[in-house]
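Taking it in order: structure first as structure tokens, then the write-up.
The values are calculated or read from the model by the stated rules, or taken from the named source; none is laboratory data. Bear in mind the structure is a predicted one, so any value in this text is a computation, not a measurement. When we count neighbours, we look across all protein chains shown, and the Cβ atoms used for this are built from the backbone with ideal geometry, even at glycine. Just so you know, the surface numbers come from the protein's heavy atoms only, side chains and all, with ligands and any DNA or RNA stripped out. Shrake-Rupley method; radii C 1.70, N 1.55, O 1.52, S 1.80 Å.
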Amino acid sequence: KNILSQNRILFIGSVSPMNELGINYFIKQVFPKIRRTISDAKILVAGPIGKSVRDGDGIVKLGEAADLNKIYEQADVVINPTLFGTGLKIKSIEALGYSKPLVTTSAGAEGLEDGVDSAFLLADSAEDFSDKVTHVLMDADFSTLLMERAFAYATAWNHRNTAEFAKIFQDGGDSHFKSR
């Protein structure tokens, strides 16, 4: 067991059908499997989504917070159990930017596919999600490696996108939008 971990699993979200479905799937299908191995595991639910989550053993509602640093400091692993949606999931790249191990679904990894199994872990079944979250919580070396890779990936991702935006604005966007 990882003695550094306090077995805290973080989910941050606004109220939306995607977030409601995802966190409730995690609580019903994944969390019980994790608790069989790590009985003191807790889900920290931050943001307005907490209003859409039932109270339960191991569920800690943090409410809305002005300081995301304090929220992320409490997390040993961050989850994004989004089951559907389109485009980049900001909560995924944000977790990586805070140097947190992330376990997400294919939907939660959209736009970040080049980081799968390096910067973060992908899990599309309840069993796989449980196994990967448990591995992060119980293996300090693995967790540390993911934290380092998460930050490096988010930094590189930000540089790539900042450079792309700079190119768009440098030429007034003309060549970028004309070619589409």
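Around Leu10, which amide H atoms from residues at least 5 apart in sequence, or from another chain, sit under 5 Å from its own amide H, with H modelled in the peptide plane?
Leu44, Asp76, Val77, Val78, Ile79
Quote to one decimal, in nm, the extra length available between Lys61 and Phe151 on full extension: 0.36 nm per residue of separation minus the C-alpha distance between them. All intermediate terms of the calculation are to be shown ahead of the outcome.
Numbers: separation 90, 0.36 × 90 = 32.40 nm, distance 2.62 nm.
That pair, Lys61 and Phe151, stretches by 29.8 nm at full extension.
D for segment 52-95, whole µm²/s, Stokes-Einstein with Kirkwood Rh over alpha-carbon pairs at 25 °C and 0.890 mPa s: what number?
Numbers: Rh = 12.7 Å.
My calculation gives 193 µm²/s for D.
Find out how many positive minus negative residues lie around Val116, taking Lys and Arg as positive, Asp and Glu as negative, among other residues whose Cβ is under 14 Å from that of Val116. Mind dumping the intermediate values first?
Working: positive: Lys89, Lys132, Arg149; negative: Glu110, Glu113, Asp114, Asp117, Asp124, Asp128.
Residues close to Val116 contribute a combined charge of -3.
Mind sorting out which of (1) 1, 9, 14, 16, 17, 15, 12, 9, 4, 2, 0, 0; (2) 1, 8, 14, 15, 12, 9, 7, 7, 7, 6, 6, 4, 3, 2, 0, 0; (3) 1, 8, 17, 20, 20, 14, 7, 5, 3, 2, 1, 0 is the real P(r) over Cα pairs in 5 Å bins from 0, in percent computed from the coordinates?
The value matching this structure is (3).
Relative contact order for the chain: what is it in percent, counting Cα pairs under 8 Å that are at least 6 residues apart? Please list the in-between numbers first.
Working: 294 pairs, mean separation 40.0, N = 180.
Once normalised by length, the contact order is 22 percent.
At 1.4 Å probe size, with the rest of the protein present, what percent of the exposed accessible area of segment 2-130 is carbon and sulfur atoms?
Values: 2990 of 5750 Å².
Percent of accessible area from carbon and sulfur atoms in segment 2-130: 52.
Where the eigenvalues come from the Cα gyration tensor of segment 120-168, what are the semi-axes √(5λ) of the equivalent ellipsoid, largest first, in whole Å? Show your work: numbers first, answer last.
Working: eigenvalues 182, 41, 3 Å².
Largest first, segment 120-168 gives 30, 14, 4 Å.
If segment 1-99 were replaced by its equivalent ellipsoid, with semi-axes equal to the square roots of 5 times the Cα gyration tensor eigenvalues, what would those be, largest first, whole Å? Present the calculation step by step, with values, prior to reporting the outcome.
Details: eigenvalues 76, 55, 35 Å².
Gyration-tensor ellipsoid for segment 1-99: 20, 17, 13 Å.
Expressed as an acute angle from 0 to 90° and rounded to the nearest 10, what is the orientation of the C-alpha long axis of helix 140-170 relative to the principal long axis of the chain?
Relative to the chain, helix 140-170 is tipped by roughly 20 degrees.
Using a 1.4 Å probe, what is the accessible area per residue for segment 28-143, in Å²?
On the way: 5200 Å² over 116 residues.
In whole numbers, segment 28-143 has 45 Å² accessible per residue.
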